[in-house]
Amino acid sequence: MATPTSDKDRVLIFDTTLRDGEQCPGATMTHEEKLEVAELLDDMGVDIIEAGFPIASEGDFAAVHEIAKRSKNAVICGLSRAGAKDIDRCAEAIKPAKRKRIHTFISTSPVHMKWKLQMTPEQVLDLVVGQVTRARNHVEDVEWSAEDGTRTDHDFLCRCVEAAIKAGATTINIPDTVGYTTPDEYFAMFKMVQERVPNSDRARFSVHCHNDLGMAVANSLAGVRAGARQIEVTINGIGERAGNTALEEVVMAMSVRNDVLPYRTGIDATMLMRASKLVSAVTSFPVQYNKAIVGRNAFAHESGIHQDGMLKNNQTYEIMMPESVGVKQTSLVMGKHSGRHAFVHKLEELGYKLAANQLEDAFVRFKALADRKKHVYDEDIEALVDEEIATAQDRIKLVSLSVIAGTRGPQRATMKLDMDGKTMIEECEGNGPVDAVFNCVKAMVPHEAVLELYQVHAVTEGTDAQAEVSVRLSENGRSVTAKGADPDTLVASAKAYLGALNRLIIKRQRGVLETVVAERRVHSTEVG
């Protein structure tokens, strides 16, 4: 197997989970959650963290600014459009970082220039020079992106890239913004640009691919083979529409198939599972069971033939060791007699690292669950801890719930909530037990949110399996998703609904804050 040692084989990992990933509908993170994700990305060896879009909101600016303060090793990057205010705001947000980058972009494809920008190619070209020059006046490290690059005329693309480099761009990103291209096309495009642009050797080229046709990872690796040395990725591949290139997949592709992909990254692959679980928990976006590298079934074998092969030699059906991505193959059987030490060990095996108070709360809930179930599976513990992480900052929490249901209606629920330390009790009827439960919540926490999704599935097998409920609420154009897990489906439903409501409350507060700040700025400008 080839072992690359030259710097020319080093591929930088640019993680945009906190920016492009958070743009995924319903995946919004709180300020504290963003800081936690950023810290883990920094620890695992991500080269560049795109921390957000500073001008988008006061919340985004604050998160980028705080991440910039706390960063240890990674370059902290902020995104900006071509406008002067965008670029200046971005520069202000990343100012505290030891190493900083401004990432500025503009559309270059005919369809985007005509319908989105309503500009001529010459006007766009002038803006390319202007935006890169302004960014370069703030920082030395400037990345320029040709939005919708794969649908851009090649002659015009080359002119824009040449102009951006001449103006001071140090990284050139040619994204497949709409997930349109194929590996052969993407490879040929990068080769073409590097050969035709005379100053191409003065910049690093980057790939940024979306997964609309399921080829984001393949396209990204094709771009690397063509000479790009930066890959833009997200944890679990989250992102707009069908998502982005998955960090864990490109990293392990280079590791496992180093013979045909002789490149290296600085990522500590043993932290991949931990990162996957954290991002899944804070966004309430479940990881698909058969997801490559970090899916629940990635190292699971049920077929008798496969099990026989694995017992004889694990290489018969596994191309990488579970330990290499942070999954421990050895499993402890957990139950009501298990102690705290065994529970902590199990969490470490599953890739979790909890604070002391979170650990204590999770252990208490585990013991309560073990008393109710004969078998506590890994999936039960994962659901329990994911909920613990996701609800840590919640203002409204479920204290108790009792429901009367059956063929002799009406169905009735009695619920007790803790809201900011105050206890509230309500009893409501409904068209079914779930409706009664949700009516209780509405009575105590009045809102106009619309229930867009209510989904239930069993976490494990058996009649005592935990139910995992997903709820999506929408209010005034804001959409959030949350999960709840419990052996009682109605309790799980209440937890999920409250989780989504808590996220909506956070979004409301952000909206009010941003409006107030905007009004103050206008007033300040008028007074000045």
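Read the figures in this text as sums done on the coordinates, not as results from a lab. Since the model is a prediction, treat every value here as computed from it, not as a measurement. Here the Cβ is made from the backbone with ideal geometry for all residues, glycine too, and neighbour counts use every protein chain on show.
What length, rounded to one decimal in nm, is gained on full extension from residue 320 through to residue 372, with 0.36 nm per residue of separation minus their alpha-carbon distance?
Details: separation 52, 0.36 × 52 = 18.72 nm, distance 3.65 nm.
Value of the extension gain: 15.1 nm.
Determine, for 18, 157, 490, 247, the number of other Cβ atoms within 10 Å of each Cβ, and report the residues in order from fewest to most. Write down the numbers at each step before the final one.
On the way: 18 27, 157 22, 490 19, 247 32.
The fewest-first ordering by Cβ neighbours comes to 490, 157, 18, 247.
Below 8 Å, C-alpha to C-alpha, sequence gap of six or more: please give me the relative contact order for the stretch 330-390 in percent.
Numbers: 34 pairs, mean separation 26.4, N = 61.
Taking the mean separation of contacting Cα pairs over the length of the stretch 330-390, I get 43 percent.
Going by a ≥ b ≥ c, the root eigenvalues of the Cα gyration tensor, does the stretch 330-390 fall in the rounded group (a/c under 1.5), the prolate group (a/b larger than b/c) or the oblate group? Walk me through the numbers before you get to the answer.
Working: a/c = 1.44, a/b = 1.23, b/c = 1.17.
Verdict is rounded for the stretch 330-390.
List every residue whose amide H lies under 5 Å from the amide H of residue 376, counting only residues 5 or more places away in sequence or on a different chain, with H placed 1.01 Å from N in the peptide plane.
It is 334, by chain and number.
Which loop-located GluC sites (Glu not before Pro) does the stretch 424-508 contain, where loop means any DSSP state but H, G, I, E or B and the Cβ has at most 10 other Cβ atoms within 10 Å?
Those satisfying the criteria are 448, 461.
List the relative contact order of the chain as a percent without decimals, with contacts defined as Cα pairs under 8 Å and 6+ residues apart.
It comes to 11 percent, rounded to a whole number.
Please identify every one of the GluC sites (Glu not before Pro) in the stretch 89-190 that sits in a loop by DSSP and has no more than 14 other beta carbons within 10 Å of its own beta carbon.
Sites meeting the loop and neighbour criteria: 140.
Please rank 407, 16, 150, fewest neighbouring Cβ atoms within 10 Å first, as an exposure proxy.
407, 150, 16
Starting with the fewest neighbours, write out 215, 415, 424 ranked by other beta-carbon atoms found within 10 Å of each beta-carbon.
The most exposed by this proxy come first: 424, 215, 415.
Just to confirm my numbers, what's the Cα centroid distance between the stretch 82-104 and the stretch 108-161 in Å?
18
Say R0 is 60 Å: what FRET efficiency, to the nearest 0.05, do residue 424 and residue 137 get from their beta-carbon distance?
0.65
Defining a contact as two alpha carbons under 8 Å apart and six or more residues distant in sequence, what relative contact order in percent does the stretch 396-513 show?
18
Would you mind giving the average projected area, over all directions, of the Cα convex hull of the stretch 185-251 in nm² with one decimal?
4.4
When the Karplus curve 6.51 cos²θ - 1.76 cosθ + 1.60 is applied with θ = phi - 60°, which whole-Hz ³J(HN,Hα) does each residue of the stretch 85-98 get, with x for Gly and Pro?
Values, residue by residue: 4, 4, 5, 5, 5, 5, 4, 5, 5, 8, 3, x, 5, 5 Hz.
Rounded to the nearest 500, what is the chain's calculated 222 nm mean residue ellipticity when only DSSP H runs of at least 4 contribute -39500 (n - 2.57) each, over all residues?
Per the formula, -13500 deg cm²/dmol.
If all Cα-Cα distances of the stretch 396-513 are sorted into 5 Å bins from 0 onward, what percent lands in each bin, rounded to whole numbers?
Bin by bin from 0 Å, the calculated values are 2, 12, 20, 23, 21, 13, 6, 2, 1, 0.
Mind jotting down the distance between the C-alpha centroids of the stretch 381-427 and the stretch 243-303, whole Å?
34
For residue 297 and residue 213, FRET efficiency with R0 = 25 Å and r from the beta-carbon atoms, rounded to 0.05?
Here the calculated transfer efficiency is 0.60.
Taking the alpha-carbon distance from residue 166 and a cut-off under 12 Å, which aspartates and glutamates remain once sequence neighbours fewer than 8 residues away in the same chain are dropped?
By straight Cα distance, residue 166 reaches 201.
List the trypsin sites (Lys or Arg not before Pro) in the stretch 55-138 that DSSP assigns to loop (not H, G, I, E or B) and whose Cβ has at most 14 other Cβ atoms within 10 Å. Which are they? Kindly include the intermediate steps, with their values, before the conclusion.
Details: sites: 69, 70, 72, 81, 85, 89, 98, 99, 100, 101, 114, 116, 134, 136; in loops: 72, 81, 98, 99.
Here the sparse-neighbourhood loop sites are 72, 98.
What is the extension gain from residue 452 to residue 182, computed as 0.36 nm multiplied by their sequence separation minus the C-alpha to C-alpha distance, in nm to one decimal? If you can, show how the numbers build up before the last one.
Numbers: separation 270, 0.36 × 270 = 97.20 nm, distance 3.44 nm.
Here the answer is 93.8 nm.
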